[in-house]
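The values are calculated or read from the model by the stated rules, or taken from the named source; none is laboratory data. Bear in mind the structure is a predicted one, so any value in this text is a computation, not a measurement. No Cβ is skipped: glycine too gets one built from the backbone with ideal geometry, and neighbour counts run over all protein chains shown.
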Amino acid sequence: MITARENILKAYRHEKPYWVPSQTTDQDTCIPSCLEEGPTGLGITEDGWGVHWVLDPSQPGPFPDESFQVLTFDELEDWKEKVVFPDPEKYDWEAAAAKDTAGWDRENKISSVIIVNGMLERMNALMGIEDSITAIMADPEDAFDLLSAIADQRIGYLKKIAKYYKPDKIQFHDDYGAVDRLLFPPDAWREVIKPNLKKVVDACHDLGMIYEHHSCGFIRPLIPDFIELGIDAWNPVQFTNDPKALLEEYAGKLTFVGGFDNLHILDRIGATYDEKYAHMLEMMETLEPYGSWVAQPSLIDMASTEALIDSLYKVNAPLMEAVGIEAKRPENYRTESVYDTAENIGDK
C-alpha cells in the first residue's frame, strides 16, 4: 500500500507522484517554539536580535517597527559591534521539539520545520528593507559579510533542528521578489546572496534534510540558480511566475510547491468558495501531468482549505483508484496556518 508520505516524497525527488500531494494533507509542520525570531505578543515587542516588532490583530502579520532600526546603512561597516546574534546553544531544543512534534504522524506524512527570517529577511528586519537593498547595491562587501554571519547563525539552528526535531524537510524563508520583479538585479543577488545561500543549502543536505526555499513574488530569473545550488523545492510559486511554463521547462530538476493565483482569486476579499474551487481544480488538472509539483496555496483560510480539499478529492480519486487505493475525501488536515498559534509568535 502506497502511503501519502511515499507519494509526496516522490514529488520532492522531482518525480511524478501517483496522485497530487499537498502539504495541507500530507505534511506536519512547525516553527520551533523556543526561538526569538519575531514578536513575543501583541503590541510592540522585542526579539532576540533587538528588533522591535509590531503585531496587531488587524494586520495580516507582524512587521518590524519602522521607527526603530538596529542598524542603518551608514553604520553597516560597524555591523559586528551593532548586531547581537542569538546563540543557538541558549535554547531548550529538546523540550521545544517534544512539544512541537507531539502530534506528528511520521509514518504517513512528511515532517517540516520552518526557519522564518532567512538571511535577507533578517537583514531587512535589522535595517529596514530600503537600507538593506541600498546596502546590497552600494556596499556589497559589507552586506555580503553580514549575510554570511547570519547564514552561519542559521546553520547553527539547522544542526539543532536535525538533532532534536529530525524532520524530513526544512522550509527556509527568504523573499527576493516583489509582485512583478526582483527586489534587485539578478547579478546583485548572485554576488551577495547566492554564495551564502549555498552554505545553508549544503549544510541542510549534509544533515540529511530536504531543502525547500520559500520566496514570494516574481523570482523566475533565479530558477536556474536555484537548480545549480541544489535547492530541492521552491514555494509558493505565485502566479506571476507562470507555473505551467516553469514546469514545462524545469520539471524533474526542481519541485514546485504552489502555483495558484492567490493575488487575484484565493486571497481576494469577497472571493467565493465556488471561485476558489474552480481555480484550484483548473490548476490541478493543468499541472498534475508534469510531476515535480505539490499543490499548496501560499496562504490558507477555511474557505480556501475546503476548496483545496474538495478539488484534491475530485482530481485524486481516479488517480488513487488506479494504484489500488480507495479514494476518500481527506479529513485529517490543518485548518489554520502554522503561523497563527500563540506558541509560534513566542507568546508563552
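Out of all the residues in region 205-230, which are crowded, with 21+ Cβ neighbours inside 10 Å and over 15 Å from ILE115 (Cα atoms)?
Just the residues of region 205-230 that are crowded, with 21+ Cβ neighbours inside 10 Å, to begin with: 209, 211-215, 219, 222, 226.
Correct list: ILE219, LEU222, PHE226.
Does any residue of region 79-91 turn out to be buried (at least 19 other Cβ atoms within 10 Å of the Cβ), among the β-branched types (Val, Ile, Thr) and within 28 Å of VAL54 (Cα to Cα)? Taking every residue of region 79-91 in turn, at least one turns out to be buried (at least 19 other Cβ atoms within 10 Å of the Cβ), among the β-branched types (Val, Ile, Thr) and within 28 Å of VAL54 (Cα to Cα).
Here's a check for you: in region 176-190, which residue that is surrounded by 16 or more Cβ atoms within 10 Å (Cβ to Cβ) and out of contact with any Leu (no Cβ under 7 Å at 6 or more places or on another chain) is nearest to PHE239 (Cα to Cα)? Full working, then the answer.
Quick first cut of region 176-190, residues surrounded by 16 or more Cβ atoms within 10 Å (Cβ to Cβ) only: 176-177, 182-184, 188-189.
With out of contact with any Leu (no Cβ under 7 Å at 6 or more places or on another chain) added as a condition, the list becomes 182-184, 188.
Working: LEU182: 15, LEU183: 17, PHE184: 20, ALA188: 24 Å.
Once the filter is applied, the top-ranked residue is LEU182.
Take the residues of region 53-69 that are among the polar types (S, T, N, Q) and within 17 Å of MET127 (Cβ to Cβ): which is modelled with the highest pLDDT? Write out each step before concluding.
Residues of region 53-69 that are among the polar types (S, T, N, Q), as a first pass: 58-59, 67, 69.
From the residues that got through so far, the ones that are within 17 Å of MET127 (Cβ to Cβ) too are 67, 69.
Numbers: SER67: 87, GLN69: 93.
If we take residues in region 53-69 being among the polar types (S, T, N, Q) and within 17 Å of MET127 (Cβ to Cβ), then GLN69 is modelled with the highest pLDDT.
Test ALA11 against the criterion of being more than 27 Å from GLY156 (Cα to Cα), crowded, with 17+ Cβ neighbours inside 10 Å and under 21 Å from the mean Cα position of the chain (by Cα), and give yes or no. Answer is yes for this residue.
ILE115 meets each of the listed conditions (1) surrounded by fewer than 20 Cβ atoms within 10 Å (Cβ to Cβ); (2) closer than 15 Å to SER215 by Cβ apart from (1).
Among the residues of region 1-58, those identified as touching a Gly at 6+ places or on another chain (Cβ under 9 Å) and in a strand (DSSP E or B) are ASP28, THR45, TRP53, VAL54, LEU55.
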